[in-house]
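For reference, the structure is listed below as structure tokens.
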Amino acid sequence: MSSLTHSLLTTTIFSVLTIFLHPSNAQLSSTFYSTTCPNVSSIVRGVIQQALQSDARIAASLIRLHFHDCFVNGCDGSLLLDQGGNITLSEKNAAPNNNSARGFNVVDNIKTSLENSCPGVVSCADILALAAEASVSLGGGPSWTVLLGRRDGLIANQSGANTSIPAPTETLANVTAKFAAVGLNITDLVALSGAHTFGRAQCRFFNQRLFNFSGTGSPDPTLNSSYLATLQQNCPQNGSGNTLNNLDPSSPDTFDNNYFQNLLNNQGLLQTDQELFSTNGSATISIVNNFANNQTAFFQAFAQSMINMGNISPLTGSQGEIRLDCKKVNGS
């Protein structure tokens, strides 16, 4: 074999490996819509700004849609599909989403605005990625360059939603494994958990901590006692599991690093929040300390981890489709 042939072969193998290891970076692009829909980002941002006028929660709700979409079949907009036609089981009805995931109407409003400006061009999967960035930025958090070019999936995966999305009552080991399964590490886990710096959670997602934690007959010992008393008042034992509570009581609608300062004070709302700091010997503790002391470090890590999450198994090229209505597959 000539040295030229050998070096070409080596280069080809290296390229194939690079594409295999980082499939999305090669295909998603920050300029994907620069000629076909140049105002896409400002259109998305404008609709969300409007929605925030009447719903302070919407920014947190929209970022959660992107998260719950990407963890199931990759970032393909599958979460948005309603039951009907070939979609026999919608991800919307999976346990992590049912009576909990929200903001679908705002996604539809964004889609309508984009169809008016650039018909048939922008995917629903990309709308979720753009909406997440705009939501964080409008909440006072970092901005980042969103990579684009995802296409929309043709199927939903309800069972995948039930098993792949981390539950708020899981151990840190389980949550870490679910992040690792989609290629995200513990820095991504801690940074992305920081999205709980805004938004709300229903009592049913954490009331197991308040009275009888893990069958002990006592509250979760990692809960600050005065915070515990407040939560027990908001979420009495036989009360409504749907009552809303601020994930970050200190600045409930602002994207900042107070979430991590709350963890240092044993004021994480969800079990999965507080475990990041209170699990003995965990590698997450030093990351929490860093983010609590350095908001810039948190913002930089969060932006990178959002890009990493947005890179989970996208459909590109001729895969999938560009849905005309985010709620249903074209032609159904």
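The values are calculated or read from the model by the stated rules, or taken from the named source; none is laboratory data. Please read these numbers as outputs of a predicted model, since none were measured by experiment. So basically every Cβ, Gly included, is an ideal-geometry build from the backbone, and we count neighbours across all protein chains shown. The protein model used for the area step is the full one, side chains on, heavy atoms only, and it has no ligands, DNA or RNA in it. Shrake-Rupley method; radii C 1.70, N 1.55, O 1.52, S 1.80 Å.
Taking the stretch 85-112 only, how many residues are small (Gly, Ala, Ser) and open to solvent by 40 Å² or more (accessible area, probe 1.4 Å)?
Of the residues in the stretch 85-112, 2 are small (Gly, Ala, Ser) and open to solvent by 40 Å² or more (accessible area, probe 1.4 Å).
Keeping to the stretch 143-189, report how many residues are in a loop (DSSP other than H, G, I, E, B) and either more than 19 Å from ALA201 (Cβ to Cβ) or among the hydrophobic types (A, V, I, L, M, F, W, C) (or both). Spell out how you get there, then give the answer.
Within the stretch 143-189, the first condition is being in a loop (DSSP other than H, G, I, E, B), and the residues that meet it are 143-147, 149-150, 153-157, 165-171, 182-185.
Checking which are either more than 19 Å from ALA201 (Cβ to Cβ) or among the hydrophobic types (A, V, I, L, M, F, W, C) (or both) leaves us with 143-147, 149-150, 153-157, 165, 167, 182-185.
Residues meeting the conditions: 18.
Among the listed residues ALA301, ALA292, ALA283, identify the single one that is in contact with a helix residue (DSSP H, G or I) (Cβ under 7 Å, 6 or more places away or on another chain) and either surrounded by fewer than 16 Cβ atoms within 10 Å (Cβ to Cβ) or without any contact (Cβ under 8 Å) to a residue 24 or more places away in the chain (or both).
Numbers: ALA301 fails: either surrounded by fewer than 16 Cβ atoms within 10 Å (Cβ to Cβ) or without any contact (Cβ under 8 Å) to a residue 24 or more places away in the chain (or both); ALA292 fails: either surrounded by fewer than 16 Cβ atoms within 10 Å (Cβ to Cβ) or without any contact (Cβ under 8 Å) to a residue 24 or more places away in the chain (or both).
Result of the check over ALA301, ALA292, ALA283: ALA283.
Out of all the residues in the stretch 280-297, which are hydrophobic (A, V, I, L, M, F, W, C) and assigned to a helix (DSSP H, G or I)?
At the first step, the residues of the stretch 280-297 found to be hydrophobic (A, V, I, L, M, F, W, C) are 283, 285, 287-288, 291-292, 297.
Within the stretch 280-297, ILE285, ILE287, VAL288, PHE291, ALA292, ALA297 qualify.
Return the residues of the stretch 209-218 that are open to solvent by less than 10 Å² (accessible area, probe 1.4 Å) and assigned to a loop (DSSP other than H, G, I, E, B); say none if nothing qualifies. Reasoning before the result, please.
Of the residues in the stretch 209-218, the ones open to solvent by less than 10 Å² (accessible area, probe 1.4 Å) are 209-210.
If the condition is that a residue be open to solvent by less than 10 Å² (accessible area, probe 1.4 Å) and assigned to a loop (DSSP other than H, G, I, E, B), then LEU210 is the only one that fits.
Could you pull out the residue among GLY140, GLY120 that is open to solvent by 40 Å² or more (accessible area, probe 1.4 Å), in contact (Cβ under 8 Å) with a residue 12 or more places away in the chain and either under 23 Å from PHE255 (Cβ atoms) or in a loop (DSSP other than H, G, I, E, B) (or both)? Within the list GLY140, GLY120, the selection yields GLY140.
Residues in the stretch 148-168 that are of a type in the set (A, V, I, L, M), under 17 Å from the mean Cα position of the chain (by Cα) and surrounded by 19 or more Cβ atoms within 10 Å (Cβ to Cβ): LEU148, ALA161, ILE165.
Of the residues in the stretch 219-238, how many are assigned to a loop (DSSP other than H, G, I, E, B) and under 17 Å from GLN274 (Cα atoms)? Explain how you work it out, then say what you get.
Going through the stretch 219-238, the residues assigned to a loop (DSSP other than H, G, I, E, B) turn out to be 219-224, 235-238.
Adding the requirement that they be under 17 Å from GLN274 (Cα atoms) leaves 219-224.
So the answer is 6.
Enumerate the pairs (first residue in the stretch 227-243 and surrounded by 10 or more Cβ atoms within 10 Å (Cβ to Cβ); second residue anywhere and among the β-branched types (Val, Ile, Thr)) with beta-carbon separation below 7 Å, excluding pairs fewer than 6 apart on the same chain, so at least 6 apart or on different chains. From the stretch 227-243, the pairs are ASN234/THR243; CYS235/THR243. The sole residue among PHE179, PHE206, PHE198 that is of a type in the set (Phe, Trp, Tyr), open to solvent by less than 40 Å² (accessible area, probe 1.4 Å) and touching a Lys or Arg at 6+ places or on another chain (Cβ under 9 Å) is PHE198. Can you work out which of the residues in the stretch 62-84 that are more than 18 Å from the chain's Cα centre (by Cα) and open to solvent by 50 Å² or more (accessible area, probe 1.4 Å) is nearest to PHE255 (Cα to Cα)? Restricting to residues being more than 18 Å from the chain's Cα centre (by Cα) and open to solvent by 50 Å² or more (accessible area, probe 1.4 Å), the top hit is ASP82.
List the helices (runs of 4 or more DSSP H) that sit entirely inside the stretch 17-105 and contain at least 2 residues that are among the polar types (S, T, N, Q), modelled with pLDDT of 95 or more and more than 21 Å from ALA181 (Cα to Cα). Explain how you work it out, then say what you get.
Numbers: elements: 23-27, 40-52, 58-70.
Once the helices (runs of 4 or more DSSP H) in the stretch 17-105 are filtered for at least 2 residues that are among the polar types (S, T, N, Q), modelled with pLDDT of 95 or more and more than 21 Å from ALA181 (Cα to Cα), what remains is 40-52.
Residues checked against (1) closer than 26 Å to LYS111 by Cα; (2) in contact with a Lys or Arg (Cβ under 8 Å, 6 or more places away or on another chain); (3) among the hydrophobic types (A, V, I, L, M, F, W, C):
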residue	(1), (2), (3)
SER250	no, no, no
TYR259	no, no, no
GLN267	no, no, no
LEU276	no, no, yes
SER286	no, no, no
PRO314	yes, yes, no
SER332	yes, no, no
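Name the residues in the stretch 246-269 that are surrounded by 19 or more Cβ atoms within 10 Å (Cβ to Cβ) and touching a strand residue (DSSP E or B) at 6+ places or on another chain (Cβ under 8 Å), would you? Correct list: LEU247, LEU269.
Does THR171 count as open to solvent by 10 Å² or more (accessible area, probe 1.4 Å), farther than 21 Å from LEU80 by Cβ and of a type outside the set (D, E, K, R)?
Numbers: open to solvent by 10 Å² or more (accessible area, probe 1.4 Å): yes; farther than 21 Å from LEU80 by Cβ: yes; of a type outside the set (D, E, K, R): yes.
Yes.
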